[in-house]
Amino acid sequence: MTLCSWYNFFMAGRTLSNCMEMVLTILALNYWPLQNCPDQNYIRVIFRSIAVIINTLLDTHIYTGSWYNVFHEPVIAPLTFFRLNVLASVSLFYGVHPWHWYISQGLPVMTTTLLPLVVYGVWRIQKSFNNNTSIRALPFLKLVLWVVSVYSLLSHKEFRFLFPIFPLLLIFAAFGLEQVPSKKWRRWIVIGLVGTQLPLSIYLSLWHQRGVMDTMLWLRQEARNSPISIHVLMPCHSTPYQSILHSKSTPIKFLTCEPPLVGQSTAGYMDEADVFYADPVAFVSTFDTWPTHIVMFESVQAQLKNTLHQYEICKRFFNSHWHDDWRRQGDILVLCRNKETRQIHE
């Protein structure tokens, strides 16, 4: 199931904190004391408890020691996270979803054709309560329900927030497949899963939104050939940065999307990306210096064609066949200053 899932294939290799959370969560659950497990698991938990006691003192020393020189006050990261994202509702700036979003959209999209097996596996766990496997899987089911319930209380929701418990869903799917009574039916189900999950994995990994990677790879080569400067006029976090570019000497600017700070009103607040897309021509007119390269999505090309008359399209990259965000629709265009303008600046 792990190798078959498109979402696991799509997410596992990404440099997100949720991916590390997933790995650490599964490692922890592997040593968690479940029923009908060897006693040595309890010993491991005791060692982990000792580690918590040790790390609590060390972390407190870090927060009140070295970090004090930076923040000038004790900083407790979990408390700060709760204060900003829950009490101050800063996370709402990045999107608001209904309470049922994880149930109606999140989990169905993440599991797709695995969903019937997940549901069947959960049903079998509840029905076969006296079964040894069901007894061991029941705490995992409670954990999934707990995490989904807690995250559903938060207004801002993302698929990746549930990734730490996604392997547990695959366990339920595997258990559901095992509970299918007919071997013939199990074989056809596996063929159906491979026939749906694998193509989706390949498409999303090789074609969908690949342009953002191709663009940065091309700009990296351009930076090696001659000095360049870049303005990326895209929604924030659209492209990689130094993980691909590897050129600290290349000036590059991105549209930012900082949320309103504590004490600032969220009503009418617009980040830099919002300001640009509200009026691209007015935003570009405020440039103090003009870069050698401008990167943008095709969706705003028509609005900026006359304003950026000193630039010409020097490279076009396919990015996606479809996108739910109109700002990211179309190809990615790299505009280069034309030769006449470049000679004047030089």
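The values are calculated or read from the model by the stated rules, or taken from the named source; none is laboratory data. From a predicted model like this one, the values you see are computed outputs, not experimental measurements. In this analysis, Cβ positions are derived from the backbone assuming ideal geometry, glycine residues included, and neighbour counts consider all displayed protein chains. Heads up: the accessible areas ignore ligands, DNA and RNA and are worked out on the full protein's heavy atoms, side chains in. Shrake-Rupley method; radii C 1.70, N 1.55, O 1.52, S 1.80 Å.
Below is a table of values for the structure above.
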read-out: Residue in region 182-226 that is least open to solvent (accessible area, probe 1.4 Å), counting only those that are without any contact (Cβ under 8 Å) to a residue 60 or more places away in the chain and within 20 Å of the chain's Cα centre (by Cα); value: 216
read-out: Boolean, residue 117 is assigned to a helix (DSSP H, G or I) and open to solvent by 70 Å² or more (accessible area, probe 1.4 Å); value: no
read-out: Cβ-Cβ under 6 Å pairs, at least 6 apart or on other chains, region 168-181 side small (Gly, Ala, Ser), far side in a helix (DSSP H, G or I) and open to solvent by less than 10 Å² (accessible area, probe 1.4 Å); value: 173/114; 173/121; 176/121
read-out: Lone unmet requirement of (1) loosely packed, with under 14 Cβ neighbours inside 10 Å; (2) farther than 30 Å from residue 86 by Cα; (3) polar (S, T, N, Q) for residue 310; value: (1)
read-out: Unique match (being over 20 Å from residue 337 (Cβ atoms), touching a Phe, Trp or Tyr at 6+ places or on another chain (Cβ under 7 Å) and either open to solvent by 80 Å² or more (accessible area, probe 1.4 Å) or aliphatic (A, V, I, L, M) (or both)) among 232, 275; value: 275
